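Readers should treat all values here as calculations from the given coordinates under stated rules, not as data from a laboratory. Note that the structure is predicted; figures quoted are calculated from it, not measured. No Cβ is skipped: glycine too gets one built from the backbone with ideal geometry, and neighbour counts run over all protein chains shown.
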Amino acid sequence: MDVSAMIPELLSALPLTLAITFTAMVAGFCLALVASTLRIRRVPVISNLVDIYVSYARSVPVVLQLFVAFYGLPLLVALFGAADFFSPNVAAMVGLSLYHGGYLSEVMRPAYLAVDRGQHDAADSLGYTFRQKIFRIVGPQAIHIGLPGYGNSIIYLIHNVALVMYIGAADVMATAHLIMERDYNQYQFETYLVLAVIYSVLCLIAWLVIRFFELRSPMQAPEAKATTQIRHALISNA
Amino acid sequence: MLELKDIKLAYGSAQILNGVDLSVERGDVVSIIGPSGTGKTTLLKCINYLAKPASGTISFDQIKMDYQRPDKTAVQAIRLRTAMVFQQFNVFKNMTVLQNVMDPLVVVQRKSKEEAKEIALHEIERVGLTSRCNHYPSQLSGGQLQRTGIARALAVRPDVILFDEPTSSLDPELVGEVLKVIKDVTSSGITSLLVTHEMQFAKSISNRIVFMDRGVVAADGSPAEIFDSPSSPRLAQFLNSEYSFQ
Ligand SMILES: Nc1ncnc2c1ncn2[C@@H]1O[C@H](COP(=O)(O)OP(=O)(O)OP(=O)(O)O)[C@@H](O)[C@H]1O
Ligand SMILES: [Mg+2]
């Protein structure tokens, strides 16, 4: 077993890592949208429950949230008399979706509230309906304000996916440990190095995608050429 | 045409409007003056229900509403027939000048893009911004932003246009260009309500002046009556302080 054989083996676990990430990204986004809406439009009782959920997702260490999901969810479905269908992978997806949703709602809510009150007034005074106002005026501006925070939350999510090995999901991190144990810890440094490269590439891709949308935003001065800005940003980031 | 009766509004424990009556005839240019914090902006916002009075009534031609029983359709009907120009401009930051002026026509009035664009370009020309059509708000001066706000208000062809201190957040050298546009608008015959601290300007464009003080209308009359022979000591004192300030 040498280093070059280890790389494809590590990469074979990448689809699961990506699947967990994307599931948490999509489900978390939907959760965050609902949570932010309920926290802005204060519905009695329900909004308070959502507050508790968000503070749980933001204050409990993510490892702990994964354990709670792994051991708690089977109990929860048992209460309703359903069979336990929670494999480590499913528990990881649910746990990270809950974490990411709560975290992201604290990106969305401030972004929405940061849109100038006057923009609402202007749209209302012209007879925009609530939906039209959100989709055409307030939403696009909130997205512009929230994008950098959203980028950060995605990067934290990618990092936190590495924790799913604690509940037994076989992601790249867990696979790396398997490889090392089997090979009598010969290539520990190399394995961790490859792992670091994989995570860096994932985060870089996520960052580039977010950056693309940031630069495409109409509130960005249009004369600023997107390509030169990306180059500058890359240099300053490096 | 537009009549407000006994409007009362409080923010928390502060009573801002204390039974305001105001009526406006078609073609009137009414300037509202008064000390800072007496509720002039708030009164203007009651008309299009951006501010929500606790009681009072509004009638706008055949549309009638009691503020104790707010009625969505009446509010919307009033909003469709009025337009507001804001002290802080409130130009949509995610849209160019042209998009700002077109958007309400396309989205609210459901006009075709071509028709909306034609109307928008006409109003943009009227406020002298043709060369800035495709600029975003972040690339415009205060005066240009406010002229965009005025073009957007004109484009919806409102029956009444509400100006809320349109020049008071502008640098002094930009005030002139905006006042010129407002003068052009008001002299075109459109019914206008204007809250302002520009006394000379109010005098020259209005056919009526309303003096508000402590949440009520304290004086109401022609520019000559208000400025040349003020009826109350409060009004005289206010005018004195405004003139000495200018
Ligand atoms: N949303 C709000 N919440 C609480 N208080 C408010 C709000 N809007 C205005 N006020 C208060 O209401 C009072 C009247 O405000 P308003 O803006 O109507 O005054 P104004 O006559 O337009 O004054 P100015 O000439 O300075 O613009 C002020 O004391 C202000 O602090
Ligand atoms: Mg005001």
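Before moving on, here are some points about what is shown:
- Charge dipole (debye, nearest 20) of the range A:155-220; +1 at Cβ of Lys and Arg, -1 at Cβ of Asp and Glu: 280
- Dipole of the protein assembly as shown, positive direction: furthest Cα of B:Leu121, A:Val68, B:Ser55, with charges on the beta-carbon: B:Ser55
- For B:Ile16, nonlocal amide neighbours, meaning residues 5 or more places apart or on other chains whose placed amide H falls under 5 Å from its own, are B:Leu9, B:Ala10, B:Tyr11.
- GNM flexibility winner over chain A from A:Ile46, A:Ile145, A:Ile155 (Cα, springs under 10 Å): A:Ile46
- Cut-off 14 Å between beta-carbons: net charge of the residues surrounding A:Asn48, Lys and Arg +1, Asp and Glu -1: +2
- Sequence-distant residues sharing a close amide H with B:Lys111 (under 5 Å, placed H): B:Val106
- Farthest towards the positive end of the charge dipole of chain A, among the residues A:Ala19, A:Gln186, A:Leu104, is the Cα of A:Leu104, using unit charges on the Cβ of Lys, Arg, Asp and Glu.
- Shielding by partners for peptide A:129-136, expressed as the average number of C-beta atoms from other protein chains within 10 Å of each residue's C-beta, is 2.
- Net charge contributed by nearby residues that have their C-beta within less than 10 Å of B:Ile58 (K/R +1, D/E -1): 0
- In the range A:1-105, the trypsin sites (Lys or Arg not before Pro) that fall in loop regions by DSSP, at most 11 other Cβ within 10 Å: A:Arg41, A:Arg42
- Peptide packing for B:119-126, A:199-206 was compared via the average number of neighbouring C-beta atoms within 10 Å per residue; ordered from the highest value, the list is B:119-126, A:199-206.
- The relative contact order of chain B comes to 25 percent, based on Cα pairs under 8 Å that sit 6 or more residues apart.
- Under-5 Å amide H pairs with B:Met84, H placed in peptide plane, nonlocal only: B:Leu162
- Nearest 10 degrees, 0 to 90: helix B:172-186 Cα axis against chain B principal axis: 90
- The Cα atoms of the range A:3-237 give a gyration tensor whose axes a ≥ b ≥ c have a/c of 1.5 or more with a/b no greater than b/c, which makes the shape oblate.
- Relative contact order %, chain A, counting alpha carbon pairs below 8 Å whose residues are six or more apart: 26
- In chain B, a dipole from Cβ-located charges (positive for Lys and Arg, negative for Asp and Glu) runs towards its positive end, and of B:Phe201, B:Gln237, B:Leu145 it is B:Leu145 whose Cα lies farthest in that direction.
- Electrostatic dipole magnitude of the range B:90-157 [Cβ: Lys, Arg +1; Asp, Glu -1; Cα centre; debye, to 20]: 140
- Value of [θ]222 nm, deg cm²/dmol, for chain B, DSSP H segments ≥ 4, -39500 (n - 2.57) each, nearest 500: -11500 deg cm²/dmol
- Net charge of Cβ neighbours under 11 Å - reference B:Ser23; Lys, Arg +1; Asp, Glu -1: -3
- Mean-square fluctuations from a GNM of chain A, with a 10 angstrom spring cutoff on Cα atoms, peak among A:Val94, A:Val62, A:Val197 at A:Val197.
- Peptide-level mean, for B:55-67, of C-beta atoms on other protein chains within 10 Å: 0
- Computed from point charges on the beta carbon alone (+1 for Lys and Arg, -1 for Asp and Glu), the dipole magnitude for the protein assembly as shown about its Cα centre is near 680 Debye.
- Peptide B:9-16 shows a mean partner chain C-beta count of 0 within 10 Å per residue C-beta.
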